[in-house]
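Q: I am attaching a structure below and will ask some questions about it afterwards.
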């Protein structure tokens, strides 16, 4: 099997060039990392789905920044739907990986403790993360997520106000175990808080998943990135591949970017 490069062209392989034989150690590493990468591509796709849900929410908010009249009741209903879709997806993603973790390490107490400590630490240091874990439970048991919505027009601007009232949330339920919500939080601005939560999910929570369930993904990424760099020093237009008796074996070039997790904070 040879180190090779090709010109990507809409999924097709163009101008495959072989450069050298892979070493025995490189072949060994490729055999080790190939199933790791395949599982990651399959299961970490959930983060791409989450990102798509957030983009749909953000794009709809952006579409409202125009001066033409709107039906605020219709808009509020769609915002509630998009918010519920996003937070349901976030909960499903977290439940999926927590279940996987429990199955894989059900007899390993030290690993069980590691995941819990990382999750608790994220909740303690990132109030938006803790709040939305609690808020999703509020949505499931108490009501819809959009507290107050108003679009404000001036002669020179259009702005949106999406807020929650801490006192009203607490009047509905006292069950906020992670965020420790108190009335002093006052008016909670929803848009920026959700944006921050999403960044935490895509960067820090994904890092927890990778460090606990996909520990070999980081060395796999570094292995393929090194070979990709070698190929690109020969021609910056080329992407990494392996040549195998005339067949092309596609490999990652920038694994975390290809998984949609370029900003992941790895533990």
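Q: Under a crude label model (7 Å from the Cα following the beta-carbon direction), how far is residue 171 from residue 51 in nanometres?
A: The two pseudo-label positions are separated by 4.1 nm.
Q: Right, something else. I'd like the orientation of helix 45-63 relative to the chain: the angle between its Cα long axis and the longest Cα principal axis, in ° from 0 to 90, rounded to 10.
A: That helix lies at roughly 50 degrees to the long axis.
Q: Right, another one. Compute the helix-to-body angle for 24-43: its Cα long axis versus the longest principal axis of the chain, expressed 0 to 90° and rounded to tens.
A: 30 degrees
Q: Let me ask you something else. Roughly how many nanometres apart are two label points built 7 Å out from the Cα toward the Cβ at residue 117 and residue 254?
A: 3.3 nm
Q: Once the Cβ-Cβ distance between residue 24 and residue 235 is put in as r, and R0 is 30 Å, what FRET efficiency do you end up with, to the nearest 0.05?
A: Numbers: r = 26 Å, r/R0 = 0.87.
In this case the efficiency is close to 0.70.
Q: Within 10 Å of each residue's Cβ, count the other Cβ atoms and sort 204, 78 from fewest upward. Display every interim value, and only then the final one.
A: Details: 204 20, 78 13.
The most exposed by this proxy come first: 78, 204.
Q: Using 7 Å Cα-to-Cβ label points, what is the residue 152/residue 7 separation (nm, one decimal)?
A: 5.4 nm
Q: Still on this structure, please answer the following. Along the three principal axes, how long is the stretch 49-130 when you take its alpha carbons, biggest first, rounded to the nearest angstrom?
A: 59, 25, 18
Q: To one decimal place, what Kirkwood hydrodynamic radius in Å is obtained for the stretch 122-177 from all pairs of distinct Cα atoms?
A: Values: mean 1/r = 0.0766 Å⁻¹.
Kirkwood radius, the stretch 122-177: 13.1 Å.
Q: Which value, in Å to one decimal place, does the Kirkwood hydrodynamic radius take for the chain when every pair of different Cα atoms is included? If you can, show how the numbers build up before the last one.
A: On the way: mean 1/r = 0.0466 Å⁻¹.
It is 21.5 Å.
Q: What residue among 24, 90, 166 has the largest mean-square fluctuation in a Gaussian network model of the chain, using Cα springs under 10 Å?
A: Highest fluctuation among the options: 24.
Q: So what's the angle, to the nearest 10 degrees on a 0 to 90 scale, between helix 217-234 and the longest Cα principal axis of the chain?
A: That helix lies at roughly 60 degrees to the long axis.
Q: Quick check: the distance between the Cα centres of the stretch 166-209 and the stretch 124-156, to the nearest angstrom?
A: The distance from the Cα centre of the stretch 166-209 to that of the stretch 124-156 comes to 7 Å.
Q: Once you have the Cα-Cα distance between residue 15 and residue 32, take 0.36 nm times their residue separation minus that, and quote the gain in nm to one decimal. Intermediate results must be reported in sequence, preceding the final value.
A: On the way: separation 17, 0.36 × 17 = 6.12 nm, distance 2.79 nm.
Length gained, residue 15 through residue 32: 3.3 nm.
Q: How fast does the stretch 1-72 diffuse by Stokes-Einstein, in µm²/s, taking the Kirkwood radius from C-alpha pairs at 4 °C and 1.567 mPa s? Please report the intermediate quantities before stating the final value.
A: On the way: Rh = 17.0 Å.
Stokes-Einstein gives a translational diffusion coefficient of 76 µm²/s.
Q: Something else about it: Taking the Cβ-Cβ separation of residue 262 and residue 180 as r and a Förster radius of 41 Å, what is the calculated FRET efficiency to the nearest 0.05?
A: Efficiency, rounded to the nearest 0.05: 0.80.
Q: Something else: Mind giving me the FRET efficiency for residue 72 and residue 95? R0 is 35 Å, r the Cβ-Cβ distance, nearest 0.05 is fine.
A: Calculated transfer efficiency: 0.55.
Q: Could you tell me the relative contact order of the chain? Use alpha-carbon pairs under 8 Å, at least six residues apart, and round to a whole percent.
A: Here the relative contact order equals 26 percent.
Q: From the helices alone, meaning DSSP H stretches of at least four residues, give me the mean residue ellipticity at 222 nm for the chain, per-run term -39500 (n - 2.57), in deg cm²/dmol to the nearest 500. It would help to have the intermediate numbers written out before the result.
A: Working: 10 runs with 152 residues, N = 267.
Result for the chain, helices only: -18500 deg cm²/dmol.
Q: What residue among 47, 197, 242 shows peak mean-square fluctuation when the chain is described by a Gaussian network model with Cα springs under 10 Å?
A: 242
Q: When the chain is modelled as a GNM with alpha-carbon springs shorter than 10 Å, which of 177, 155, 219 fluctuates the most?
A: Looking only at 177, 155, 219, the largest GNM fluctuation is found for 155.
Values in this text are rule-based calculations from the coordinates and carry no lab data. Keep in mind the model is a prediction, meaning the values are calculated, not measured. For neighbour counting, all protein chains shown are included, and Cβ atoms are generated from backbone atoms with ideal geometry for every residue, glycine included.
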